[in-house]
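A short worksheet on the structure shown next.
The values are calculated or read from the model by the stated rules, or taken from the named source; none is laboratory data. Predicted, not measured: the structure shown is a model, and the values here were computed from it. Methodologically, a virtual Cβ is constructed for each residue, glycine included, from the backbone with ideal geometry; neighbour enumeration extends over all protein chains shown.
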Amino acid sequence: MARLAHLPEDHEQTEFSATYDVVLNHLRIYTDEWLDRALYDELVEAGFRSAPKQVGTFEHCFLCKRWTPLAEDVCLLMAGSIELEESTLEERAAARAARFDGYRMKRTAGMNAFHSRAQALSEGFANGQPILQGHHSEAKMRTAQKRTASAINNALDQQSKADYWAYRAESTERHANRQGDPRTRANRIRRLLKDLRVKQHTLNDYERIINTWQEAQATAGEATRAELVEQHLSGWHSIGFTHAKAKLESGAMTPDQIIIKALDVYRQAMSSEGYTSRWINHILNRLGFETEELGTIHRFTGTLTPTILQKFCRVHGAEKPKATKSEGGFTVTSPVTLPLHIANGTTLTLSPDEWCDLMRDCGFNVEANTPRKTVRNTTPLLNIDAKQLTKQGYRGRGEPQTLEVVRMSKTEYMSHRAENRETALSACGQFKFRTVWVKSEGEMEYIGKRAPVYLTDSKTHPMPQAPQASE
């Protein structure tokens, strides 16, 4: 549990409220009291920032745009509990759009005022009378001219700001609508599954480290055990230690004490109170919400195969799952413990129906198997003996270019730098041909032209015939 060093002891008497927005994954802390600078800085370090426009019925609001275990602990410390956000995304978007609309109307009013001022000043020039140099009215007219130009510039500036706030109001509503779009929700589910795999792999690493330290603990011989401890502290097994190697070398801790400390550190990290486990539980809860909002997950009714099961387990964070067919159905094994929302162990055996139910409960859709292409549709690379060849324009959109062919051997062609050797698609699109960058005589290397190549010591291909138009 996190600690706030500058949280006053009587904070329970202060009215704090914490909410969680399940749609946007935001945490908010509401209060009516001013926070001292030290406590405010602690909230900023925990990921919160002041959000004065989201206060609702409270005077002050602090927003954290991403749930983290630390931010959740801060909310629990200050408010005691976390409630669901009462205001919906649509309501907040409408309020924000209305606020931006007010800014736009204010800027529009300012634009109209400056425009009227410029029009009033320009009436002095309505008759087309030029400024008379040396006349007593010259200073007055030049001042009016400057003020007119200034009013016009200010009117244009206010119009630009009005357009900006109109765009912000429109984009706010568009963003709120996009959050509920099925495609956007499906993308969020894919990102959550990726985060789930990352966190699950962290737990898998912890388990492997625990197994390594347990093997060292079971090793007979004090000298051998001390040597293993020193090796582990120098490698990737030392994650989470602070000056452990220095304590071992100074004699402050014995090898057996290091092993006990290591096992305690990693077992605590793997416990349900550890940050990684809390992350996984939060991601699973979000996956359940997003999957339910996306729609009903259809139960797989096709033929179940080990490949499908391995993909399902791998997508949900399993470490190198191996599925085999057994008498009771299918068995999935992993070198480390399977994710807890799948099984509590390294092996799980279920019948085909039970596997299909588990995949549906986890929100896994089995993708339809697409037939593989048996014929490769590739454009051939030809070596054509011709005086000129025509290649397509840049990215197929520019005008075709006709280039003079240069003749050289394969050895000469390969002597050019790799970045100067390319292939080009012919204008007809039926074949490709080699090209090389030919330097202009007496010029720098980068000054020249690209030319098609005919290899004199390679097989010569005939020019493809143009396809005949069907009648």
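In region 387-419, of all residues being among the charged types (D, E, K, R) and more than 40 Å from the chain's Cα centre (by Cα), the one that is nearest to Met463 (Cα to Cα) corresponds to Lys387. Criterion first (surrounded by 16 or more Cβ atoms within 10 Å (Cβ to Cβ) and out of contact with any Phe, Trp or Tyr (no Cβ under 6 Å at 6 or more places or on another chain)) does Ile297 satisfy it? For Ile297, the condition - surrounded by 16 or more Cβ atoms within 10 Å (Cβ to Cβ) and out of contact with any Phe, Trp or Tyr (no Cβ under 6 Å at 6 or more places or on another chain) - is not met. Counting the residues of region 23-49 that are surrounded by 14 or more Cβ atoms within 10 Å (Cβ to Cβ) and either assigned to a strand (DSSP E or B) or of a type in the set (Lys, Arg) (or both) gives 6.
Test Thr291 against the criterion of being closer than 23 Å to Gln179 by Cα, loosely packed, with under 12 Cβ neighbours inside 10 Å and at pLDDT below 85, and give yes or no. When the stated conditions are applied, Thr291 does not pass them.
A Cβ distance below 9 Å, combined with a sequence gap of six or more or placement on separate chains, defines the contacts here; from region 323-343, residues that are at positive phi reach residues that are in a strand (DSSP E or B) in the pairs Gly329/Thr349; Gly329/Leu350. Within region 172-218, being at pLDDT 80 or above and either hydroxyl-bearing (Ser, Thr, Tyr) or not in a helix (DSSP H, G or I) (or both) holds for Thr184, Thr202, Tyr206, Thr212, Ala218.
Which residue, of Arg168, Arg174, Arg178, Arg197, is basic (Lys, Arg) and farther than 30 Å from Lys106 by Cβ? Answer to the check: Arg197.
Which one of the conditions (1) assigned to a loop (DSSP other than H, G, I, E, B); (2) modelled with pLDDT under 85; (3) closer than 30 Å to Leu455 by Cβ does Ile384 fail to meet, given that it meets all the rest? Every condition holds for Ile384 apart from (2). Could you list, ordered by first residue, the pairs with Cβ atoms under 6 Å in which the first is in region 280-298 and in a helix (DSSP H, G or I) and the second is among the basic types (Lys, Arg) and surrounded by 14 or more Cβ atoms within 10 Å (Cβ to Cβ), at least 6 apart or interchain? Going by the 6 Å Cβ cut-off, the qualifying pairs are Ile280/Lys199; Glu290/Arg185; Glu290/Arg188; Leu294/Arg185.
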